[in-house]
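Encoded as structure tokens, the structure appears first; notes follow it.
The values are calculated or read from the model by the stated rules, or taken from the named source; none is laboratory data. Treat the numbers as computed from the prediction; the structure is a model and nothing was measured. Every residue, glycine as well, gets a Cβ built from its backbone with ideal geometry; the counts of neighbours run over all protein chains shown.
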Number of protein chains: 2
Amino acid sequence: MPPPNSNPPPRDVRMRGFSRRSTVEDAWNWIDQQSIHVPAEALDTVSVGGRVLATDVTSPVNVPAFDRAMMDGFAVQADDTLGATPYNGLPLEVIGQALPAQPIGDIVKRGQAVRIMTGAPMPDGANAVLQVEQANISEDQVEALDAVTPGKHVGKVGEDIAQGSVVLRSGRRLRPQDIGILASIGVAKVSVFRRVRVRVLVTGNELLPPGSKPEGFQIVDSNSPMLRGLVGRDGGDVTCSEIVADDPREILAALKDDVDVILVSGGSSVGQEDYAPRLLAEHGELAIHGVAMRPSSPSGMGRLGERLVFLLPGNPVSCLCAYDFFAGRAIRALAGLPTEWPYRSRHLPLARKLVSMVGRVDYARVDVVDDRVEPMAVSGASMLSSTTRAAGFVIVPADSEGYAPETPVEVFFYDR
Amino acid sequence: MPPPNSNPPPRDVRMRGFSRRSTVEDAWNWIDQQSIHVPAEALDTVSVGGRVLATDVTSPVNVPAFDRAMMDGFAVQADDTLGATPYNGLPLEVIGQALPAQPIGDIVKRGQAVRIMTGAPMPDGANAVLQVEQANISEDQVEALDAVTPGKHVGKVGEDIAQGSVVLRSGRRLRPQDIGILASIGVAKVSVFRRVRVRVLVTGNELLPPGSKPEGFQIVDSNSPMLRGLVGRDGGDVTCSEIVADDPREILAALKDDVDVILVSGGSSVGQEDYAPRLLAEHGELAIHGVAMRPSSPSGMGRLGERLVFLLPGNPVSCLCAYDFFAGRAIRALAGLPTEWPYRSRHLPLARKLVSMVGRVDYARVDVVDDRVEPMAVSGASMLSSTTRAAGFVIVPADSEGYAPETPVEVFFYDR
């Protein structure tokens, strides 16, 4: 616990508000103009689940690469089964067997059949598969109990995927089955956007690193571990995360790190110890500072060289909100992901009135009980527990005074 | 390319169907009875985002741990501001400044104020914060321009989180803000369910490992890389994945691996080379074999010792479907996650008729165009490309013949 500073010299704590606040739309427009994709990298196909394709992928092969049986049964000449019924079995001579990757060399002639398993190459001469359920099997002979048409239960070359066709398009977030399909066409490496490199800078002399116990008047930094999870969700990796002192030289040095995005938590407002906004304005561009929203009004953003810098309030709830409104959007765009909210949403009726103030966007934490939306009574942005108790949030636009009970509102759920 | 096996000895390829098929509900009931959680492990809090809590977490501390300012302004005795208005400023002597983790030792007496920043400890004697916007500041004096009530803008000890209260409950999948809150209360390690250990066994003599190019009549295994992604999504890790020959000794040895779940892809039906079901019945329990559904009818499941074993058809679409219906449900349950479908869903009207057969559950891949559901014309379960072209799927229950156009159906989206 630091000693109390009794009788300090009266310092000029400049405690004024923002002269003008930007709108949330202004901030989004700025972000959408800045964010270009991070470079692509070629990686092993088996390792790129969840990553975003940077180029179209065309198939170098046909799938299937050969005509194959789609059912277990008998490869036949379709004409030989004409007129076959359960009451009129037509006999065929079984000349052998075809298994997957074990084709039969013989040619199927009139009156002949080859036992065949699903996936096995069709023998020459045969043009249909008689399903095992439509066959009466005995020794080296089989009776067709139904007629099959040419091509029946035969997978033709290229019918799943044609050689040269586009299998997956640039911008696709790769699903597990996409990885399967890339493997099946023999594409061993694909070009995906690399993950966005993010540095987290937490300012505040009162902060202890995560993993510490809170002690005296010092509190433990909760923002950097939260931001790590949020960044990971949005296609980025926190490459460095540290608490820096409220010292302009330290902050400036950290702002110049070689990353794509810098998140500054704390010191984002207009107070004397809020160095980051001034440093950004001085050494780069402070494009937005102060946003007409609640919480997170003292948010900012800008550039320093090629880096996008987001100034997030130190209050945990404001930090979460400002990240999700602004930084997350930018990181997703850089990663090639959709910029829309990364939460599942549902339209549900309000159980009670939701009050908001005209002129600012409200980020209202809500609970959902029996499919009805309960606005949470939350006093301050410092209540991190409100975001763990809440099911999610509702965004009330700046031109709204809020909503009457029973109004359907879109709830974004924190559990995705 | 293996040599064609011309004139093979006629072997007894037992190609019969299932004598009886279980219902999907039978299989789900069996799964829900088997799946108990994997053991918990204690891990560093900062590393457990997305993991599932195995115990309740109670807070060892109050948050805040001390009364603190919730706004920038002046710590005062509320009574001193009684009657203050913008036209009737009441002067107060500024005796010092309190910053976060830098409390002031002096006691605030009648007629006095302390400059205070958000998060700073409240000085003794003061019981409210006059916001900076309601103050007229000059030299070492300040005029209160508004009255504040006792407790105004003061965060009281424990008002966010009370010492000893349950912060997060067992079974919670930890969100980024949960990690933040755990850090803030000084909980450095938490008990979470360990990830489910899964072994993937791919059978089929025609298969080449992922990363190969398809060649001749051999095809590349697409199921194991797909299953790796699906397992990861559901709280598991594939600890071993390999192609084994269609050889009962090799398969049995692999089935005895020390893991929680074994996924066998291919050889799941009742043919002569389908060893896994017979081995499972012989050495453990084959609880379900053959399910009234399409695709994936030749699916099975059972136990071998403590291991849950799922038999997935080798056809890629069937493999995906059987995984999602059965194995994924079990893995999620073991991991402590909800067993429900891990896809976002929406109710949307059908653009065209969706035909199904009474007596089996249908897994119909669909496209969604302009918020209308287009059933895909898909011939076979081998069409993996259908699951990359499809937006998602609709499940048609066994007692349904399908749905007329315009019927609202629940679509599960592959992109989550």
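Given the conditions (1) more than 25 Å from A:Arg332 (Cα to Cα); (2) without any contact (Cβ under 8 Å) to a residue 40 or more places away in the chain; (3) crowded, with 19+ Cβ neighbours inside 10 Å, and given that A:Asp246 satisfies all but one, which numbered condition is not satisfied?
(2)
Return the residue satisfying two criteria in turn: it lies in the range B:360-374 and is of a type outside the set (D, E, K, R) and either modelled with pLDDT under 95 or surrounded by 21 or more Cβ atoms within 10 Å (Cβ to Cβ) (or both), and of such residues it is nearest to B:Ala322 (Cα to Cα). Please lay out each step first, then the result.
Applying the first criterion (of a type outside the set (D, E, K, R)) to the range B:360-374 yields B:361, B:363-364, B:366, B:368-369, B:373.
Going one step further and asking which of them are either modelled with pLDDT under 95 or surrounded by 21 or more Cβ atoms within 10 Å (Cβ to Cβ) (or both), we end up with B:361, B:363-364, B:366, B:373.
On the way: B:Val361: 12, B:Tyr363: 10, B:Ala364: 13, B:Val366: 17, B:Val373: 23 Å.
Of everything passing the filter in the range B:360-374, B:Tyr363 is nearest to B:Ala322 (Cα to Cα).
Restricting to the range B:93-115, what's the tally of residues that are within 9 Å of another protein chain (Cβ to nearest Cβ) and not basic (Lys, Arg)? Break it down into steps so the answer makes sense when it comes.
To start, the set of residues in the range B:93-115 that are within 9 Å of another protein chain (Cβ to nearest Cβ) comprises B:94-106, B:115.
Keeping just the survivors that are not basic (Lys, Arg) gives B:94-106.
The number of residues fulfilling the criteria is 13.
When the range B:74-121 is examined, which residues are found to be under 26 Å from A:Met383 (Cβ atoms), touching a residue at least 60 places away in the same chain (Cβ under 8 Å) and either buried (at least 20 other Cβ atoms within 10 Å of the Cβ) or hydroxyl-bearing (Ser, Thr, Tyr) (or both)?
Matches in the range B:74-121: B:Phe74, B:Val76, B:Thr81.
Between A:Thr407, A:Thr387, which is over 21 Å from A:Trp28 (Cα atoms), among the polar types (S, T, N, Q) and away from chain B (no Cβ under 14 Å)? Explain how you work it out, then say what you get.
Numbers: A:Thr387 fails: away from chain B (no Cβ under 14 Å).
That would be A:Thr407, the only listed residue that is over 21 Å from A:Trp28 (Cα atoms), among the polar types (S, T, N, Q) and away from chain B (no Cβ under 14 Å).
Just checking, does the range A:268-279 include any residue being among the hydroxyl-bearing types (Ser, Thr, Tyr), more than 20 Å from B:Met71 (Cβ to Cβ) and in the same structural domain as A:Trp28 (by TED's automatic domain parsing)? Outline the logic, then answer.
Start the filter on the range A:268-279 by keeping residues that are among the hydroxyl-bearing types (Ser, Thr, Tyr), which leaves A:268-269, A:275.
Adding the requirement that they be more than 20 Å from B:Met71 (Cβ to Cβ) leaves A:275.
Narrowing the set further to residues that are in the same structural domain as A:Trp28 (by TED's automatic domain parsing) leaves A:275.
Scanning the range A:268-279 turns up at least one residue that is among the hydroxyl-bearing types (Ser, Thr, Tyr), more than 20 Å from B:Met71 (Cβ to Cβ) and in the same structural domain as A:Trp28 (by TED's automatic domain parsing).
Assess whether B:Ile36 counts as being in contact with a helix residue (DSSP H, G or I) (Cβ under 8 Å, 6 or more places away or on another chain), modelled with pLDDT under 95 and outside any strand (DSSP E or B). First the steps, then the outcome.
Values: in contact with a helix residue (DSSP H, G or I) (Cβ under 8 Å, 6 or more places away or on another chain): yes; modelled with pLDDT under 95: yes; outside any strand (DSSP E or B): yes.
For B:Ile36, the condition - in contact with a helix residue (DSSP H, G or I) (Cβ under 8 Å, 6 or more places away or on another chain), modelled with pLDDT under 95 and outside any strand (DSSP E or B) - is met.
Please go through the range B:70-87 and pick out each residue that is assigned to a strand (DSSP E or B) and either more than 30 Å from A:Glu206 (Cα to Cα) or not assigned by TED's automatic domain parsing to the domain that holds B:Leu145 (or both).
Going through the range B:70-87, the residues assigned to a strand (DSSP E or B) turn out to be B:73-76, B:85.
Within the range B:70-87, B:Thr85 is the sole residue that qualifies.
Filter the range A:39-65 down to the residues that are outside any loop (DSSP other than H, G, I, E, B) and of a type in the set (D, E, K, R), then identify the one that is nearest to the other protein chains (Cβ to nearest Cβ).
Of all residues in the range A:39-65, those outside any loop (DSSP other than H, G, I, E, B) come to A:40-47, A:52-53, A:57-58, A:63.
If we keep only those that are of a type in the set (D, E, K, R) too, we end up with A:41, A:44.
On the way: A:Glu41: 17, A:Asp44: 7 Å.
If we take residues in the range A:39-65 being outside any loop (DSSP other than H, G, I, E, B) and of a type in the set (D, E, K, R), then A:Asp44 is nearest to the other protein chains (Cβ to nearest Cβ).
Just to be sure, is B:Ile262 more than 9 Å from chain A (Cβ to nearest Cβ), among the β-branched types (Val, Ile, Thr), surrounded by 24 or more Cβ atoms within 10 Å (Cβ to Cβ) and within 25 Å of B:Pro298 (Cβ to Cβ)?
Numbers: more than 9 Å from chain A (Cβ to nearest Cβ): yes; among the β-branched types (Val, Ile, Thr): yes; surrounded by 24 or more Cβ atoms within 10 Å (Cβ to Cβ): yes; within 25 Å of B:Pro298 (Cβ to Cβ): yes.
Yes.
Can you tell me how many residues in the range A:359-416 are in contact (Cβ under 8 Å) with a residue 24 or more places away in the chain, closer than 17 Å to B:Gly180 by Cα and in contact with a Leu (Cβ under 7 Å, 6 or more places away or on another chain)?
Residues flagged as in contact (Cβ under 8 Å) with a residue 24 or more places away in the chain, closer than 17 Å to B:Gly180 by Cα and in contact with a Leu (Cβ under 7 Å, 6 or more places away or on another chain) within the range A:359-416 amount to 1.
Can you pull out every residue in the range B:184-213 that is in a loop (DSSP other than H, G, I, E, B), within 13 Å of chain A (Cβ to nearest Cβ) and touching a Gly at 6+ places or on another chain (Cβ under 9 Å)?
If we filter the range B:184-213 for residues that are in a loop (DSSP other than H, G, I, E, B), which is where we start, we get B:185-188, B:194-195, B:204-206, B:209-213.
Still in the list and also within 13 Å of chain A (Cβ to nearest Cβ): B:185-188, B:204-206, B:209-213.
Selection gives B:Gly186, B:Ala188, B:Gly204, B:Glu206, B:Pro210, B:Gly211, B:Ser212, B:Lys213.
Being assigned to a loop (DSSP other than H, G, I, E, B) and either more than 7 Å from chain B (Cβ to nearest Cβ) or in contact (Cβ under 8 Å) with a residue 12 or more places away in the chain (or both) is the filter here; which residues of the range A:214-243 pass it? It would help to see each step written out before you state the result.
First, pick out the residues of the range A:214-243 that are assigned to a loop (DSSP other than H, G, I, E, B): A:214, A:216-217, A:221-222, A:234-235.
The answer is A:Gly216, A:Phe217, A:Asp221, A:Ser222, A:Asp234, A:Gly235.
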